[in-house]
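This report concerns only the one structure given below.
The values are calculated or read from the model by the stated rules, or taken from the named source; none is laboratory data. Everything numeric here is computed off the predicted structure, so don't read it as measured data. Cβ atoms come from the backbone with ideal geometry, glycine included; neighbour counts cover every protein chain shown.
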Amino acid sequence: MEYDYIIRNIVLVFHYFFLVFTVLIVGSYVILAVFSSRETIEYLKKNSFVNYKDLLTSDVAPSISIIAPAYNESLNIVENVRSLLSTHYVNYDVIIVNDGSKDDSLEKLIKAYDLERIEYLINQRVPTQPLRAGVFKSKNPAFEKLIVVDKENGGKADALNCGINISESRYLACIDVDCLLLEDSLQRMVKPFLEYTDRKVIASGGVIRIANSCKIEDGKLLEVNYPDKWLERCQILEYLRSFLLGRMAWARLNGLLVISGAFGLFDREIAIKVGGYDTKTVGEDMEIIVRMRRYMEEEKLPYKVAYIPDPLCWTEAPDNRKIFISQRNRWTRGTIEVLKIHKKIRWNPNYGVLGMLSYPYWMIFERYGPIVEVLGMIYFIFLIIYQPLSWSFILGLFLLVYLFSLLFSFVAIFTEEFTYHQYKRKGIGFKLILTVFLEPFILHPLVLYAAMRGNYDYYFNKKKKWGVMVRKGLSKS
Amino acid sequence: MQFTLFEAVIWSLVIVLAIIIVILIFYLKILRRNIRVKEKNNIKYREKIEKLLIEYIYAEEEGELLSKKQKTIIKQFKKGLVSKRKRIIITETFLQLDQQVAGHMIEQMNSLYKKIGLLNYAIKKLRSKQWHIVAIGIKDLRHFKVKRVRNSISKLINHHREEVRREAHLYFIELFGFEGLNFLDNLKVPLSEWDQILLLGEVENFEYDETLDLKKWLESNNDYVVLFVLNIVKLFNRLETKDTLIDLLQHKNAEIRIKTIDIITHFEILEAKEFIIQRFSEISDKEKVAFFKYLEKVAKNEDAMFLIEHVNSNNFEIKHRALKILKRVDVNLYNKLEKNSEDAEYNRIIDYLDVSYGV
């Protein structure tokens, strides 16, 4: 009797826990959707009549260094660098950090860009691995903006730190070398830094779009296509949801906690003050933002992390399950590490939105969300087996959750259609709808699995670091 | 089959969501089709407008105020203005073409702009309650050089939205040249760096005006005005502001002080050197670095002792510049320096200057 009573109460506790969690997560999605739409409308109004060309010829345009770490990128390095060099901005340089590549990346760059080794006095503001072959510049004036640094391998964060030391610019655009930037991306990304007078913009992040199957020539995006593989299609939908809804809303709240490592612009002075990228975490892109924000909060300086929803940066997404799971596994471990490093700010009112909203959200919904979801499934199976649940209830609940997820995806697609309408071709609409319906069955289980594996690896497989991302190269798409 | 209350709620929500999703699917289909059709129609209409505009420009007949063809074209334009979509396309096409033609053609286009009534629409926009419509209105009026709305726009120079006031400032500078800069007298709000870049872009197009008094703005209470005008001083090499620049080295705003050192470096004003050296210990690191950049241009042998004092600075940049300048102004003294210190940075700089840096 007493045993039954205990079991019933435990079940009840679980019952209410999952109910509250579900209400919170659904509520947060609705609120984020509202904030995101308001921010999107404001952004479009603000920028509908802006002429970015003025910045192209200005003597007072601030300097920007594009820092792109490269590790064994020999296959596409020459084309990728060419794409970076074709950026339309008046005052910038491109720093390629060859992070101890074992392939012939450096040799290819030397040959393609007529590079020669130069003496370069580096102000070692952030500690990094030592140089290997040194610093190179082109003999050809056409490539005067290019600096190539060859150093011992130290990982992505270490390579970015090396770039930070080399740079003398006011802002740092840290990007993945294989990313394709649109020509006016720097102008758009730097605008928030120059616009605010009442607070300092410490970083701005851009939307990352998936370039798989897009037509690209000479580092230029010619045609946006919708891929054939379901994994890629589902990631497109996922990115739309994440970048056009989630991050846009957080930008509105000035609570953005992560800027994609694929493309972000940073205030160099603040980045150096906080010590550059953390080389000990695999979530270095999130970590540096949290640390910069933390620094500003502790110094009581007004600041903002800006966000640009324009489709400026296009990248190659994993096209097979193994690489996808490895990537998401790393993201999960990165999130856990960053939240752990900065646990001081959790529920700490001294850190304002960061401590009371952003951090708790990430902790509850991003960090614990997948675990709660898996537990919820186990609990549900338990109920089906041990409790007299009606099948109409089970089916109804399943459909409710499913339809809600579809609704949120539709909101993301409508945001895309009303704003940038990148997937113009006839027939893609039907494919998008199909993706919306299938994504919860194709991508979501993989995301969940990768998150659980990430948790496992974080606690029981400490040696696991980055994993390998095999690239096919955008130009070959 | 009987539902519990909980089940009934769940199934009701499922039905509602399912209906919404079905509606959204159809709406998405319609929306995508509409966007495609609209884009196609817009391209077609834009081409038509471009053609009409060019025809209008070339249909001018000598002696006549308006040729028959021009009158017909005006009618066609007026017909299009009723639709908001078409009105936007007409305005955009006007703006686009306006930048591609020159001389008499610009005048013709500006007069056509007024004749078809687009001007009234632009003026009407100034009264809108939506700030971005007001900004677009000012932009249109600026592009078509409509000077008679000057008074209305002058009320917007301190508008609470930066986008509106930015357009207002650009209106004054683009249409009234240096005289337009007078809006700075009444500016009570900040001028962001973005604003300054856009304004300087316009100022660059001005003919040099010797009578322009920049001094009053360099003494403005609005720090943003001072920063902006410092850029103009540099742009037009207004060396006569030298005394004011030296005064600005004591300004309460650090950003202004740093900018002033930058201008002084540009002009290589020697009088500033002693002034800054005297208060060197009080200034910020950023000012110190700016000052050493200045010294790179103006330092002489007599500054060697000052440089020696800073070769062991904690700031890498100051240390590097101090050593580099010292090597240039007094190589004998530089050679007497310890070449091996406990400071690794110092050693690296020395090594760089001695081995690789060819002075």
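Scanning segment A:45-58 for residues that are farther than 15 Å from B:I133 by Cβ, assigned to a loop (DSSP other than H, G, I, E, B) and free of Cβ contacts under 8 Å to residues at least 24 places away in the same chain gives A:N51, A:K53.
With the requirement that a residue be more than 12 Å from the chain's Cα centre (by Cα), among the aliphatic types (A, V, I, L, M) and buried (at least 20 other Cβ atoms within 10 Å of the Cβ), what does segment A:241-273 give you? Spell out how you get there, then give the answer.
Keep residues of segment A:241-273 that are more than 12 Å from the chain's Cα centre (by Cα), which gives A:241, A:244-245, A:248-255, A:265-273.
Going one step further and asking which of them are among the aliphatic types (A, V, I, L, M), we end up with A:244-245, A:248-249, A:251, A:253, A:265, A:270-272.
Within segment A:241-273, A:L244, A:L245, A:M248, A:A249, A:A251, A:L265, A:I270, A:A271 meet the criteria.
Pull up segment A:23-33, narrow it to residues that are touching a residue at least 12 places away in the same chain (Cβ under 8 Å) and β-branched (V, I, T), then point me to the one that is surrounded by the fewest Cβ atoms within 10 Å (Cβ to Cβ). If you could, list the steps in order and put the result at the bottom.
Going residue by residue through segment A:23-33, those that are touching a residue at least 12 places away in the same chain (Cβ under 8 Å) are A:24-26, A:28-29, A:31-33.
Now drop any that are not β-branched (V, I, T), which leaves A:25-26, A:31.
Details: A:I25: 16, A:V26: 14, A:I31: 12.
The extreme case among them is A:I31.
Pairs only if they're at least six apart or on different chains, beta carbon under 9 angstrom, first in segment A:422-434 and within 8 Å of chain B (Cβ to nearest Cβ) and among the charged types (D, E, K, R), second surrounded by fewer than 17 Cβ atoms within 10 Å (Cβ to Cβ) and assigned to a helix (DSSP H, G or I); list them, first residue then second. Within 9 Å, the pairs are A:K424/B:I35; A:K424/B:R36; A:K424/B:E39; A:K426/B:R33; A:K426/B:R36.
Okay, residues lined up against (1) surrounded by 16 or more Cβ atoms within 10 Å (Cβ to Cβ); (2) away from chain A (no Cβ under 14 Å); (3) in contact with a strand residue (DSSP E or B) (Cβ under 7 Å, 6 or more places away or on another chain):
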site: B:Q99; (1), (2), (3): no, no, no
site: B:K114; (1), (2), (3): no, yes, no
site: B:V149; (1), (2), (3): yes, yes, no
site: B:K155; (1), (2), (3): no, yes, no
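Answer yes or no: is there a residue in segment A:364-382 that is within 9 Å of chain B (Cβ to nearest Cβ) and in contact (Cβ under 8 Å) with a residue 40 or more places away in the chain. Scanning segment A:364-382 turns up no residue that is within 9 Å of chain B (Cβ to nearest Cβ) and in contact (Cβ under 8 Å) with a residue 40 or more places away in the chain.
Working carefully through the options A:S36, A:S63, find the one that is among the small types (G, A, S), modelled with pLDDT of 95 or more and under 21 Å from A:R170 (Cβ atoms). Spell out the reasoning first.
Values: A:S36 fails: under 21 Å from A:R170 (Cβ atoms).
Just one listed residue meets the conditions, A:S63.
For segment B:1-19, give me each residue that is modelled with pLDDT of 95 or more, among the β-branched types (V, I, T) and exposed (fewer than 15 other Cβ atoms within 10 Å of the Cβ). If the condition is that a residue be modelled with pLDDT of 95 or more, among the β-branched types (V, I, T) and exposed (fewer than 15 other Cβ atoms within 10 Å of the Cβ), then B:I15, B:V16, B:I19 are the ones that fit.
Within segment A:121-141, residues that are on the phi > 0 side of the Ramachandran plot reach partners that are surrounded by 14 or more Cβ atoms within 10 Å (Cβ to Cβ) and aromatic (F, W, Y) with beta carbons closer than 8 Å, at six or more positions or on different chains, in the pairs A:G134/A:Y120. Of all residues in segment A:108-131, those satisfying the criterion of being of a type in the set (A, V, I, L, M, F, W, C) and either more than 27 Å from A:A271 (Cβ to Cβ) or in a helix (DSSP H, G or I) (or both) are A:L109, A:I110, A:A112. Taking segment A:142-243 and the strands (runs of 3 or more DSSP E) fully enclosed by it, the elements with 1 or more residues that are more than 26 Å from A:I122 (Cβ to Cβ) are at A:200-210, A:215-217, A:220-223. Scanning segment A:19-46 for residues that are of a type outside the set (S, T, N, Q), away from chain B (no Cβ under 14 Å) and in contact with a Leu (Cβ under 8 Å, 6 or more places away or on another chain) gives A:L32, A:F35. Restricted to segment A:300-317, and to residues there that are within 14 Å of the chain's Cα centre (by Cα) and not in a strand (DSSP E or B), the residue that is modelled with the lowest pLDDT is A:E316. When residues in segment B:196-218 are screened for being within 11 Å of chain A (Cβ to nearest Cβ), farther than 14 Å from B:F183 by Cα and either in a helix (DSSP H, G or I) or over 19 Å from the mean Cα position of the chain (by Cα) (or both), 5 of them pass. Give the residue, chosen from B:E50, B:E39, B:E92, that is farther than 23 Å from B:H143 by Cβ and among the acidic types (D, E). Checking each option against the conditions leaves just B:E39.
Pairing each residue of segment B:219-232 that is farther than 19 Å from B:F267 by Cα and more than 11 Å from chain A (Cβ to nearest Cβ) with any residue that is buried (at least 19 other Cβ atoms within 10 Å of the Cβ) and among the polar types (S, T, N, Q), provided the two are 6+ apart or on different chains, yields C-beta distances under 9 Å for B:E219/B:T244. Take the conditions (1) closer than 24 Å to B:R142 by Cβ; (2) within 14 Å of chain A (Cβ to nearest Cβ); (3) outside any helix (DSSP H, G or I); B:N237 misses just one of them, which is (1). Any idea how many residues of segment A:119-154 are touching a helix residue (DSSP H, G or I) at 6+ places or on another chain (Cβ under 9 Å), small (G, A, S) and within 12 Å of chain B (Cβ to nearest Cβ)? The number of residues fulfilling the criteria is 0. The single condition among (1) under 22 Å from A:P227 (Cβ atoms); (2) within 14 Å of chain B (Cβ to nearest Cβ); (3) more than 23 Å from the chain's Cα centre (by Cα); (4) assigned to a helix (DSSP H, G or I) that A:T415 does not meet is (3).
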